[in-house]
Amino acid sequence: MSGEILESVPTADDAGRKAAMALLAQATTQEMAQFWGQWADKPQFETLRGPETGLVMVRGRIGGGGAPFNLGEATVTRATIRLGNGAVGHAYALGRDGTKVRLAAVFDALWQEPAHRQAVEDTVLAPIAHRLKDNLEHRRAETAATKVDFFTMVRGDD
């Protein structure tokens, strides 16, 4: 390489994979088990790493943009798998659920294969996104129900 600096240029696939991994991290264990149970052609895979549980430091910023500070630690589980065809999948999620993370890594590896990408998006990612959207709308509706409009009435007296 003789002193060359190689840069990784993000591609559309990188952004799509990032979005897919974010959805997989927010899935529930029950969802992942259901998706895996319904997956028709289950691939053979080997676990390369984990599932391992550890801690990460959560950092905050005063006022959202001020000086960073260490807020505390959060438990995170990670796993890496390799499919029989060589595709490698990774997954990280908050908490200690190794089963969920291992299945998320399998779906990550399947998503990376063009032959399986659409199936993963339709049968795994779309239901997770739909549930998250419904949950957000429900929370917004609950919050809107507690909204109070303050106003001042002016009496005609001087």
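For beta carbons closer than 7 Å, sequence separation of 6+ or different chains, a first residue in region 111-125 that is more than 15 Å from ALA19 (Cα to Cα) and a second that is not in a helix (DSSP H, G or I), the qualifying pairs are GLU113/ALA87. Residues in region 57-95 that are outside any strand (DSSP E or B) and surrounded by 18 or more Cβ atoms within 10 Å (Cβ to Cβ): ALA87 alone. Looking across region 101-121, the residues that are at pLDDT 90 or above, closer than 14 Å to ALA27 by Cα and among the hydrophobic types (A, V, I, L, M, F, W, C) come down to VAL101, LEU103, ALA104, ALA105, VAL106, PHE107.
The sole residue among GLY54, GLY98 that is crowded, with 17+ Cβ neighbours inside 10 Å, modelled with pLDDT of 90 or more and not aromatic (Phe, Trp, Tyr) is GLY98. Of all residues in region 23-37, those that are exposed (fewer than 15 other Cβ atoms within 10 Å of the Cβ) and either in contact with a Ser or Thr (Cβ under 8 Å, 6 or more places away or on another chain) or part of a loop (DSSP other than H, G, I, E, B) (or both) total 2. Within region 101-152, the set of residues being exposed (fewer than 11 other Cβ atoms within 10 Å of the Cβ) and among the charged types (D, E, K, R) comprises ASP122, LYS133, ASP134, GLU137, ARG139, ARG140, GLU142, LYS147, ASP149. Annotation: of all residues in region 61-92 being of a type in the set (Lys, Arg) and modelled with pLDDT of 90 or more, the one that is nearest to the chain's Cα centre (by Cα) is ARG78.
The values are calculated or read from the model by the stated rules, or taken from the named source; none is laboratory data. Just so you know, these numbers come straight off a predicted model, no measurement behind them. Cβ: placed from backbone, ideal geometry, glycine included. Neighbour counts: every protein chain shown.
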